[in-house]
Structure formats: C-alpha cells, structure tokens
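The values are calculated or read from the model by the stated rules, or taken from the named source; none is laboratory data. These figures come from a predicted structure and were not determined experimentally. Cβ sites come from the backbone with ideal geometry, for glycine too, and all protein chains shown count toward neighbours.
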Ligand code: PLP
C-alpha cells in the first residue's frame, strides 16, 4: 500500500489486474472549482512504489497533506507515460496540477455508468458508497474514452468550453472501422494522425498511448457490432500556457444509410472546392493532407448535396479536376487499371482504405495508377467508387444526374475483400 493515508482517501487503486476496469466509470468523480477539487486522477503515477490511479481527498489542503510525505521521501515519480495529462505533484503546491485537473475532469453530474463496474461513489453529501455495482456492458451503442482516464459515461462532458478544438476547429482526428471488436488498419491511421499533428504543430501523445486509448474503448464495445472508432486530439484550452492537448476516443455504430449505400450505390454531384488543384501544395497553411476537425465545409457540402437530391459531393478544383469527397476518396476503374487521385500534389487526404485496396488490386487482376481526372472523363470509366473507413465502399450510380457504369457484382467483390458487411 502506498504511503498515502487511507483515511480520507476515497479511491486508491493499484493498476494490477484491474487496470482495464479502473477509470471506466467516472460518474463518481466530481469536478468542482479548483479550490474545491476533491478527487484527483493520477494516471500512471507511482506512489511508494505502487501504481496509483485515483486518489480522492476532502479538499486541496488535505490533498497536500496526503501527498506531502511521499513527495518528501522522493518516492513520487511518473510512471511510464505521463506529462500531457498528468497531475503535477509540486512540492508546496499543486496549483498547476489543479488547474490542469479542472480541464481534465470536467465530469459532472450523476453517475451514469456505461459498460463499467462501479468501484466507488462519492456523493454530494460526501458519503462513500463502495458497494460494487455490476451494470450491463454498453447499454447504448456509443463508447467514450478519455486519454489517461479510460472509458467514461457516453454523455460525460470531457472538453472545456474554451478548448481550441471546440472554438477554432483546432485539432485532428482519425476514424477507423471497427470489425470483430478490433480497429481495422489502426497502425496506418495512427501514422496518418502523426503526420496530421506534424502539419499542425500539435503535441500528439505517443502512438502507444493512443493505441491504449483505442483498446480501452474497444474493450467495452460489443464485438458483433460494426462500428466507427474516432480518436480526436484537440489543442486544449485557449487561455492555458502550454495547454495539454485533449485526447479522446469514441465508438459509435455504423448507421443504416452507409450500409445500404454499400449495396445500392449513391447519387453524386460535383461541387467546386474553390481552389486550384496545386494550391495546397504551395500553401501549407491550408493544411492539405491533414485530417483536421475543421469539417464544417465538408458537412456543408454534403448538406448541399442532399438539398439538391443527391447523396454526396465530388469536390472539383477550379482548374477542373476531381479531387475527393468530403469524407471519402475517389477510385475508378479504367480498363484493368484501378486509379485514384494523387494525394501529395493535390493536398487531398491520403485515404487508408484506398491505399489498402490499391495494394491488393493485383488480386483482382488490376494494375494501379494515381492520376488526375476530370468529371467528364469519369463518365467514360468502367466504374467509380467512394471509399472510406466508416463507409467502406459506395459505387457512384450517377454523377451530376448522368448514369455511371455500375456492377453490383464487382462492387460486392471489392466490398467483401475490404472486409465490410
Ligand atoms: N477524404 C476525406 C476528406 C476524408 O475525410 C476521408 C475519411 O474520413 C477520406 C478521404 C477517406 O479516408 P480513409 O479511407 O482513411 O477513411
């Protein structure tokens, strides 16, 4: 047992075999103003040689008292991964830690455990209920996990109101396909996220930490349900000096419209993106190739498509080339060559699904190529599809109202090879 007195301590758990469970439910954590903080999360923190996840104390003074001795003895130190979301134990004060904590633990309200074992509960009257409560796994088809904390109730607030991700769209994300309880192409997505972070000067936590976060979320997701796993990293609070990034993961079920589109295809309309195809390469501030959370234009494009009776948009450059869709990559078959738009010179997002298909195109007897194409030229190809992690595949049935060549059999074969139901 660490050198933190048990008296006054609500939760003090070793990470051992319960590591997966601790932190899945933060309904028992209150986040009060800084001077009233009464529960600290200490992810990956070692105290007295033992890993400590949570220390709850009555108030800040008590917190200092509780932690003073181990700090004095010098046996408080960080565990394997800490920094971006750790609470700094500064001898003589925890001002920075508490400030960060406010950001980390904007988790208020009543306990609404989702897929978790409740390991203790702090009530408003400061009574402690330690009766273990079993709750059903994932009562709703949505999982939310916070880096350094674990799975939290799906409706728990986890962003500060001034998080730059929320107020400026200043952050990045990845969406992965969840199949059989696993994230497909996780490594490839984390690699792209690293590239996005570099383009944004964003201090993305190390890949193993992100992979852990994904595992924590996936651990409570029902393996039989097809889902989309998002990992999001925002720049953090606006007013903090050197703010810690905010990193969380969500999993949600794939909706019926996307699944239907895999079989039925979609009606697509072209829409200008308002820039020449080579513009983003020359203007790095346009963040070509980065998957940022600034998707308002992408979503507006799709709303506009629906307003004119279509399902999705194909963005076109001002010099007349097809680029990509707001959430998908364009691929087309020209004879026996499977083609896509080159990502580097155009600044489109390099699609992981498309990359995977191109690597496996030989199995279909196809060559591959990256080339520019105009919407007019697309009318004469042997098939065109939108690909993305959540969508899988959707054939373009019409482009600007003109019918496209469509083979349900070929689309089905590609879909099956990509592993989508
Ligand atoms: N292009 C854009 C703009 C996207 O947002 C996405 C996916 O979200 C894609 C392409 C397809 O990328 P991936 O296959 O990696 O999901």
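Quick look at the values:
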item	result
Candidates 394, 390, 384, filtered to the one that is within 16 Å of the ligand (Cβ to nearest atom), touching a helix residue (DSSP H, G or I) at 6+ places or on another chain (Cβ under 7 Å) and over 21 Å from residue 271 (Cα atoms)	390
Entirely in the range 252-352, the strands (runs of 3 or more DSSP E) that have 1 or more residues that are within 11 Å of the ligand (Cβ to nearest atom)	312-316, 329-334, 337-340
Close pairs (6 angstrom Cβ cut-off, 6 or more residues apart or separate chains): without any contact (Cβ under 8 Å) to a residue 12 or more places away in the chain and on the phi > 0 side of the Ramachandran plot in the range 166-189, crowded, with 21+ Cβ neighbours inside 10 Å and not in a loop (DSSP other than H, G, I, E, B) anywhere	none
Yes/no for residue 154 being in contact with a strand residue (DSSP E or B) (Cβ under 7 Å, 6 or more places away or on another chain), farther than 22 Å from residue 237 by Cβ, buried (at least 17 other Cβ atoms within 10 Å of the Cβ) and at pLDDT below 95	yes
Residue list for the range 324-342, filter: more than 22 Å from residue 410 (Cα to Cα) and either buried (at least 24 other Cβ atoms within 10 Å of the Cβ) or under 22 Å from the mean Cα position of the chain (by Cα) (or both)	326, 327
Any hit, the range 162-172, residues being within 12 Å of the ligand (Cβ to nearest atom) and either at pLDDT below 95 or buried (at least 17 other Cβ atoms within 10 Å of the Cβ) (or both)	yes
Selected residue (criterion: modelled with the lowest pLDDT) from residues of the range 180-205 that are part of a helix (DSSP H, G or I) and either touching a strand residue (DSSP E or B) at 6+ places or on another chain (Cβ under 7 Å) or buried (at least 19 other Cβ atoms within 10 Å of the Cβ) (or both)	200
Residue satisfying all of: in the range 371-388; free of Cβ contacts under 8 Å to residues at least 24 places away in the same chain and surrounded by fewer than 14 Cβ atoms within 10 Å (Cβ to Cβ); farthest from residue 419 (Cα to Cα) among these	376
Qualifying residue in the range 356-370 (condition: touching a residue at least 40 places away in the same chain (Cβ under 8 Å) and farther than 25 Å from residue 192 by Cα)	yes
Residue match in the range 134-144 (condition: at pLDDT 95 or above and not assigned by TED's automatic domain parsing to the domain that holds residue 244)	yes
Filtered residue count, the range 190-224, keeping only those that are in contact with a helix residue (DSSP H, G or I) (Cβ under 6 Å, 6 or more places away or on another chain) and closer than 19 Å to residue 288 by Cβ	1
Residue that is farthest from residue 329 (Cα to Cα), among those in the range 353-369 that are in contact with a strand residue (DSSP E or B) (Cβ under 6 Å, 6 or more places away or on another chain) and within 14 Å of the ligand (Cβ to nearest atom)	358
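Conditions (1) under 11 Å from residue 143 (Cβ atoms); (2) touching a residue at least 12 places away in the same chain (Cβ under 8 Å); (3) in the same structural domain as residue 396 (by TED's automatic domain parsing), marked per residue:
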{"position": "205", "(1), (2), (3)": "no, yes, no"}
{"position": "214", "(1), (2), (3)": "yes, yes, no"}
{"position": "237", "(1), (2), (3)": "no, yes, no"}
{"position": "243", "(1), (2), (3)": "no, yes, no"}
{"position": "271", "(1), (2), (3)": "no, yes, yes"}
